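Asker: This is the structure I want to talk about, given as structure tokens.
The values are calculated or read from the model by the stated rules, or taken from the named source; none is laboratory data. No experiment lies behind these values; they were computed from the predicted model shown. Glycine gets a Cβ as well: all are built from the backbone with ideal geometry, and neighbour counts include every protein chain shown.
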Amino acid sequence: MSGLVEFLQADGTVVEVRITEVRGSSPREAGAFLLVCGARIWGTVGGGQLEYMALDEARKLARSDGSVAEMNVPLGPEIGQCCGGRVRLDLRILDAADKARLLAEEAARVAALPEVLILGAGHVGRALAYAFAPLPVRVTLIDSRAEELARAPKGIEQICTPLPEAKLRAAGAGAAYIVATHEHSLDFLLTQEALARGDAAYVGMIGSQTKRAKFESWAVGPTEALMCPMAAANKGDRRPEVIAAFVVAEVMTALAKSPAKETADE
């Protein structure tokens, strides 16, 4: 969201390129859009030759006396693409009202994204924050240590609190919880809280099979939903970035299957 705000607030004429009609196969769906302001761009209509053509037309429109334009593009060999469909693109120069509309749309889109709570901003937690940053989720990194949060990527929501369980309880239904704090006892407490909700799309706790066994002997209630060890497909690579990549794949798969996702899509 902050990236869009900065883009729209910068000087220069901004042209919106929006896919308004799709027939057959295309790299993006109707409604996808791209913003163009000189050499700067935000968003995408699918890349490839289609996007190069759209960028060229947007910059021509910005230099012209007009305010709107239209492109009807066959996605075939004639432009070097093999999708085989056809798309219509509407281009227009944005005024203040248009920019306000876009920001409202983006805020609503972000609010509807599934939540991912990373509980612990240590080396694995930070690697997870970096890995999730470009994905269509709302990520919150939570820790009691301000110095660790300060090392996390910019643009990710960060909460410094001595009571992370309160943030866990306040999350919406269908969220994903990744527990990777600096204390085993805190990991157990937060994992218990996440499982007890009964509405999580994913609950993962960092650790080994031994740690899981200790947790299961301590926990109250069912633990079958717990993913521990996380990154099950990882064959022993302990680099934080590699662990994060495998965990992100697990979480995104779980979110795609969750009842909350299915309800939102209806």
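Asker: Condition (residue is without any contact (Cβ under 8 Å) to a residue 12 or more places away in the chain and either part of a helix (DSSP H, G or I) or under 12 Å from Gly120 (Cβ atoms) (or both)) applied to region 151-167: is it met by at least one residue?
Answerer: yes
Asker: If you don't mind, another one. Here is a list of conditions, (1) more than 17 Å from Ala127 (Cβ to Cβ); (2) touching a residue at least 40 places away in the same chain (Cβ under 8 Å), and Val248 meets all of them except one; can you say which number that is?
Answerer: Looking at each condition in turn, Val248 falls short on (1).
Asker: Considering region 160-172 alone, what residues qualify as being surrounded by 15 or more Cβ atoms within 10 Å (Cβ to Cβ) and touching an Asp or Glu at 6+ places or on another chain (Cβ under 7 Å)? Walk me through how you get there before you give the answer.
Answerer: In the first step, residues of region 160-172 are kept if they are surrounded by 15 or more Cβ atoms within 10 Å (Cβ to Cβ); the result is 160, 164-165, 167-168, 171.
Correct list: Cys160, Glu165, Leu168, Ala171.
Asker: So how many residues does region 14-62 have that are over 25 Å from Ala100 (Cβ atoms) and not in a strand (DSSP E or B)?
Answerer: Residues flagged as over 25 Å from Ala100 (Cβ atoms) and not in a strand (DSSP E or B) within region 14-62 amount to 14.
Asker: For Gly12, only one of the following conditions fails: (1) at pLDDT below 95; (2) over 26 Å from the mean Cα position of the chain (by Cα); (3) of a type outside the set (Val, Ile, Thr); (4) farther than 30 Å from Lys154 by Cβ. What is its number?
Answerer: The single condition Gly12 does not satisfy is (4).
Asker: Which number in (1) at pLDDT below 95; (2) within 28 Å of the chain's Cα centre (by Cα) marks the one condition that Pro77 misses?
Answerer: Looking at each condition in turn, Pro77 falls short on (2).
Asker: Got a sec? Which of Ala260, Ala256 is in a helix (DSSP H, G or I) and either at pLDDT 90 or above or closer than 17 Å to Asp187 by Cα (or both)?
Answerer: Numbers: Ala260 fails: either at pLDDT 90 or above or closer than 17 Å to Asp187 by Cα (or both).
Within the list Ala260, Ala256, the selection yields Ala256.
Asker: Between a first residue in region 207-218 that is on the phi > 0 side of the Ramachandran plot and exposed (fewer than 14 other Cβ atoms within 10 Å of the Cβ) and a second residue that is at pLDDT 95 or above and among the small types (Gly, Ala, Ser), which pairs have beta carbons less than 8 Å apart while being 6 or more apart in sequence or on different chains?
Answerer: none
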